[in-house]
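Working notes for the structure below.
Values in this text are rule-based calculations from the coordinates and carry no lab data. Since the model is a prediction, treat every value here as computed from it, not as a measurement. Methodologically, a virtual Cβ is constructed for each residue, glycine included, from the backbone with ideal geometry; neighbour enumeration extends over all protein chains shown.
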Amino acid sequence: MIRVRHLEKTYHTQHEEVEAVRDVSFDVSDGEFYTLLGPSGCGKTTILRCIAGLERPESGTILLGGTTMFSAEEAINVPAEKRSIGMVFQSYAIWPHMSVFDNVAFPLRQASSRFPRSELEPRVHRVLELVRLSELEKRNGRELSSGQQQRLALARALVGEPKVLLLDEPLSNLDAKLRGEMRLELRELHKRIRVTTLYVTHDQIEALSMSNRVAVVKQGRIAQLDYPRPVHQQPNGSFVAAFMGSTNMIPGTLARNPDSIWAIETAIGSFHCAKSTDVRAGAQALLTIQPVYVVVHEELREGPNIVRGTVTLSVFSGDYIDCQFQVGTQTLYARQHPSVQLREGQEVSIELPAAHCVAVAPED
Ligand SMILES: Nc1ncnc2c1ncn2[C@@H]1O[C@H](COP(=O)(O)OP(=O)(O)OP(=O)(O)O)[C@@H](O)[C@H]1O
Ligand SMILES: [Mg+2]
């Protein structure tokens, strides 16, 4: 449905050139929920704006539903209003002095040639019902809570029945509880209407919990493109590992591999592991493992991928406890079930199960 190839976008400011998007290519299938995930400034909004036709790339092609919307080579640039896209902006950009109804009706009135007057009211009502704002249609935009504003922005993006929905961090202004609820609501809404959705966020939980596929963006490039589970469990480099919350980074050397079991030799021992494609035998590498997969044994034991360490910190957070250990000069982190009780200073055995250990190349 969305096909992006070799997209490049540079901003020319007074003082410098900012290469915001560099050779980005990806495909979003019909009805898919696809997420661009990355830190602030990595180019997510710019990619969305290029697809929406609000920004003109230097090179590359953008196809929507098989039709070329932008091609630098063929000098094609379809104007934004002809691309059949609904967009929710990072700041919802709803009109505070207009009623909820008029906010949603606005795009239909703008495109009155495509939507006859008689259709306007039923359409607006249908979409307000979809986002559960029917009761509030007479309120002004400024009289809504953040969550309601977010749903209003969504209704406005959906009312024209776009082929593609672009959502730019739509939940970032909400408090944690509402964000959690809206995550589920958006997911459920997508299941119902199946509109092809490109979602942008810097929040890994949003990306992993809502998406069919995720592209992790680093400095204008796609660092990894995969299904949620592999992005989280098999990072292809230390950037993705760290961005996915893997605080465990143990430097070492990837051992030669006589029997196709990889191991990494580190200052605190040798660990069996998988490896990402960018690291070779004999090369410097970092062993990563998500804290949630680290197993802590209170009764001391020996074995493969097990080291002995001292508890230096144990923080209860309700749903889990976060623990920190010292093993020689290395600090390790584990997230444990809240029923686990560890004392600071206690000696424990720490197991890094090989199935969850990945050796990645150190960041360049
Ligand atoms: N209009 C502009 N003029 C110049 N530079 C810009 C402009 N818009 C964005 N940039 C720069 O381009 C890069 C990418 O910006 P972009 O807004 O796409 O990032 P983002 O991933 O959406 O970040 P955030 O998560 O903070 O919204 C940044 O370095 C930013 O400073
Ligand atoms: Mg942005």
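Taking trypsin sites (Lys or Arg not before Pro) across the range 91-175, the ones in a DSSP loop with at most 10 further Cβ atoms lying within 10 angstrom of their Cβ are 138.
With axes computed from alpha carbons, what is the tilt in degrees of helix 176-193 against the longest principal axis of the chain, rounded to the nearest 10 within 0 to 90? The answer is roughly 60 degrees. Straight-distance candidates among the lysines for linking to residue 138, with alpha-carbon spacing under 19 Å and chain neighbours fewer than 8 residues away dropped, are absent. Treating each Cα of the range 22-152 as an identical point scatterer and summing with the Debye formula, the log10 of I(q)/I(0) at q = 0.12, 0.14, 0.19 Å⁻¹ comes to -0.61, -0.81, -1.19.
The C-alpha atoms of the chain define a longest principal axis, and helix 117-130 lies at about 20 degrees to it.
Spin-label model, residue 354 to residue 203: label points 7 Å out along the Cα-to-beta-carbon direction sit 3.9 nm apart. Principal axis extents of the C-alpha atoms in the range 243-360 (largest first, rounded to whole Å): 42, 30, 22. In this structure, the amide hydrogen of residue 313, modeled 1.01 Å from its nitrogen in the peptide plane, lies closer than 5 angstrom to those of 324, counting only residues at least 5 positions away or on a different chain. Mind checking Rg over Rh on the range 2-233, alpha carbons, Kirkwood formula for Rh? Rounded to two decimals, Rg over Rh is 0.97.
Loop-located GluC sites (Glu not before Pro) in the range 112-216 (DSSP state other than H, G, I, E, B) with a sparse environment of at most 11 neighbouring Cβ atoms within 10 Å are absent. Multiplying the residue separation of residue 90 and residue 340 by 0.36 nm and removing their Cα-Cα distance gives an extension gain of 86.0 nm. Ellipticity at 222 nm from helices only: DSSP H runs of n ≥ 4 in the chain, each -39500 (n - 2.57), divided by the residue count, give -7000 deg cm²/dmol.
Measuring spread by the Cα atoms of the range 170-257 yields a radius of gyration and Dmax of 15.5, 51 Å.
A Förster radius of 25 Å, combined with the Cβ-Cβ distance separating residue 300 from residue 261, puts the computed FRET efficiency at roughly 0.45. Cysteine residues of the chain whose C-beta has no other cysteine C-beta under 4.7 angstrom: 42, 50, 323. Taking 20 °C and 1.002 mPa s as conditions, the range 1-76 diffuses translationally at an estimated 166 µm²/s according to Stokes-Einstein applied to its Kirkwood radius (Cα pairs). Histogrammed with a bin width of 5 Å, the alpha carbon distances of the range 150-198 distribute as 5, 19, 33, 28, 11, 4, 0 percent, first bin at zero.
Put in line by how crowded their Cβ is, counting other Cβ atoms within 10 Å and starting with the fewest, 205, 222, 51 read 205, 222, 51. Taking the C-alpha atoms only, the angle from helix 146-158 to the longest principal axis of the chain is near 60 degrees.
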